[in-house]
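Report on one structure; see the data block that follows.
The values are calculated or read from the model by the stated rules, or taken from the named source; none is laboratory data. Please read these numbers as outputs of a predicted model, since none were measured by experiment. All Cβ positions, even for glycine, are placed from backbone atoms using ideal geometry, and neighbour counts span all protein chains on display. Quick note on the areas: whole protein, heavy atoms, side chains included, nothing else; ligands and nucleic acids left out. Shrake-Rupley method; radii C 1.70, N 1.55, O 1.52, S 1.80 Å.
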Amino acid sequence: MSIMVMLKLLSAGMLKSISIFAFTLILSIPLGMLVAFGRMSKNKVISNIIKIYISIMRGTPLMLQLLVVYFGPNLLFGMNIAGYKYPAIIIGFAINYAAYFAEIFRSGIQSMPQGQYEAADVLGYSKRQTFMKIILPQVAKRVLPPVTNETITLVKDTSLAYALSYTEMFTLAKQIAAAQTTFAPLFIGGIFYYVFNFVVAEVMNFIERKMDYYK
Amino acid sequence: MSVLEMKNIKKSFGDLEVLKDISFSVDEGQVVSIIGPSGSGKSTILRCATMLETINGGEFSYLGRKAAWEENGQVVYAPKDQLREIKKDFGLVFQNFNLFPHYSVIKNLTDAPINVQKRNKDEVYAEAKELLIKMGLEDKADVYPYQLSGGQQQRVAIARALALKPKMLFFDEPTSALDPELTGEVLKVIKSLTEMKMTMAIVTHEMKFAHDISDRMIFMDGGYIVENCTPDEMFNSTNERLRAFLGKLEGGY
Ligand SMILES: Nc1ncnc2c1ncn2[C@@H]1O[C@H](COP(=O)(O)OP(=O)(O)OP(=O)(O)O)[C@@H](O)[C@H]1O
Ligand SMILES: [Mg+2]
């Protein structure tokens, strides 16, 4: 197999990795926000359910969670899971990362000084305006460094989709390496991940600088 | 008519009775200073009057409109839309400013008038610029709060409160978080508001300042108002607790 063919195959795999990455982020950030609100809810039932959910997501391997999300519907309810592999991967990643993001958002929101809420209240801002205009932008800045960390972890975590024998980039690289008895695809794969992460880090860096106009 | 009228206000935090029976009023154009030892409930009074805390007893009103009162021994607050109207009557300046750090100075001043009061943008900006000139901050419109000294931040906070055109302003120790050399500029601004006949209630430890600008002074201790009189009467009072309090403020007056 020529390097060119290998590169082509691996690039296709990389696209799959990127799609897992992108969909996971798009879903888990808003979901994480909702989960954070649930966790902070005054309703004890809701906040306790969310607490258990978060602790399970953080306390068990993501790989196991992917297996449960994929095979669970069939094992528990006898549902047909043909064609469900990719959605299962996205759901599994999204609910796992939502839990991590939720804890980041929660600590970000709780770190906001009470005085910001009080000033907004006396100035007449509604609860909604206070959150959207005063609190959220400041929280976004505060949580950016931990969110960046999670995002970089996610790039590497996409390789866990191999647990469902989904041929994202890393699984593909391993298969080619085994079939061709060469280390090259794994090496190329490593470079792909590195470049991907580099781009992600640069983007996050850019956003961080954008938010640097105040302290 | 009084701008603010508080009657028999009670406030507890758990078992701690902070305000036991507080009644006073502030008339239009009047400046009232509130003094008293630490923990006597001065901030709590302002927080109750500005509805950052809910009262446990009594009633209060702004310009004759009741904000909260008792019914069958229970405190009830006016409906939400009425409270929103009442809240337009007052502004509050905090000890630690509480400016919005992610907004520039001019945005701190204009955001609430535009987005809360829905006033005309150009008009609001023009007035905000006027206010900044009055505060001696005309060159600071586009900077962010972190780029300002404490005294400048507090002047922005005062301008922010004024931008909403309240009938009355509350100040909770507006200079306590400032270095001594910065208190003067803030006190000067507050003093300039008395010349505009702004109705104000000010909690302060600056006794000379309070004496000079106040129409009335209130001395609080132990959850009660011990004295409510003119500044001269206050400083000539023979009340023992007041004498002890004033005596402790070395160089204060
Ligand atoms: N949210 C709260 N929960 C519990 N206790 C409180 C709360 N706010 C105030 N207190 C207590 O109420 C009492 C009065 O507090 P307050 O802040 O009104 O005093 P103050 O007269 O403003 O004092 P200082 O001069 O130190 O600012 C204090 O004993 C304080 O610990
Ligand atoms: Mg206080």
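Dipole orientation for segment A:17-166: of the candidates A:T158, A:P73, A:G83, A:P73 has the Cα lying most toward the positive pole (charges on Cβ; Lys, Arg +1; Asp, Glu -1). For chain A, the membrane-span-like helices by this rule, meaning whole DSSP H stretches whose C-alpha atoms cover at least 30 Å of axis and whose Kyte-Doolittle mean is 0.0 or above, are A:3-39, A:85-110, A:184-210; this says nothing about an actual membrane. Here the alpha carbons of the protein assembly as shown define both size measures, Rg and Dmax, at 30.1, 102 Å. Each label was represented as a point 7 Å from its Cα along the Cα-to-Cβ direction; for A:I152 and A:K127 these points are 3.8 nm apart. Under conditions of 20 °C and 1.002 mPa s, chain B yields 113 µm² s⁻¹ as its translational diffusion coefficient, taking Rh as the Kirkwood radius over Cα pairs in the Stokes-Einstein equation. Summing Cβ point charges (Lys, Arg +1; Asp, Glu -1) relative to the Cα centre of the protein assembly as shown gives a dipole of roughly 1880 debye. In this calculation the C-beta distance from B:C229 to B:E138 is compared with R0 = 41 Å, giving a FRET efficiency of 0.55. Going by accessible surface with a 1.4 Å probe and the largest first, A:L186, A:L172 read A:L186, A:L172.
For the pair B:K20 and A:F183, a Förster radius of 60 Å applied to the C-beta separation gives a FRET efficiency near 0.15, rounded to the nearest 0.05.
Put a dot 7 Å past the Cα of B:M1, heading toward its Cβ, do the same for B:E240, and the two dots end up 4.4 nm apart.
Largest first, the residues A:Y166, B:Y224, A:Y194 sort by 1.4 Å accessible area into A:Y194, B:Y224, A:Y166.
Across all directions, the average flat footprint of the convex hull enclosing the Cα atoms of chain A is 14.9 nm².
What residues from segment B:128-162 fall in the zone where the backbone N is under 19 Å from a label point 7 Å along the Cα-to-C-beta line of A:M112? Those under the cut-off are B:145-146.
Per-peptide packing, taken as the mean over residues of other Cβ atoms within 10 Å, places A:66-74, A:49-57 in the sequence A:66-74, A:49-57 from highest down. Here the label points at A:K85 and A:R58, each 7 Å from Cα along the C-beta direction, are separated by 3.3 nm in the simple model.
Charges on Cβ only, +1 for Lys and Arg, -1 for Asp and Glu, centred on the Cα centroid of the protein assembly as shown; of A:Y117, A:V199, B:T110, which one is farthest towards the dipole's positive end? So the residue furthest toward the plus end is A:V199. Provide Rg over Rh for segment A:34-116; use the alpha carbon set for both Rg and the Kirkwood Rh (inverse mean inverse pair distance). Here Rg/Rh amounts to 1.10. Net charge dipole, chain A: roughly 400 debye, given to the nearest 20, about the Cα centre with Cβ charges of +1 for Lys and Arg and -1 for Asp and Glu.
Find the Cα radius of gyration of segment A:1-79, compare it with 2.2 N^0.38 Å by division, and give the number to two decimals. Its radius of gyration relative to the 2.2 N^0.38 Å reference: 1.59. What FRET efficiency do you get for A:N43 and B:L63 if R0 is 35 Å and r is their Cβ-Cβ distance, rounded to the nearest 0.05? Given R0 = 35 Å and the Cβ-Cβ separation, E is 0.35.
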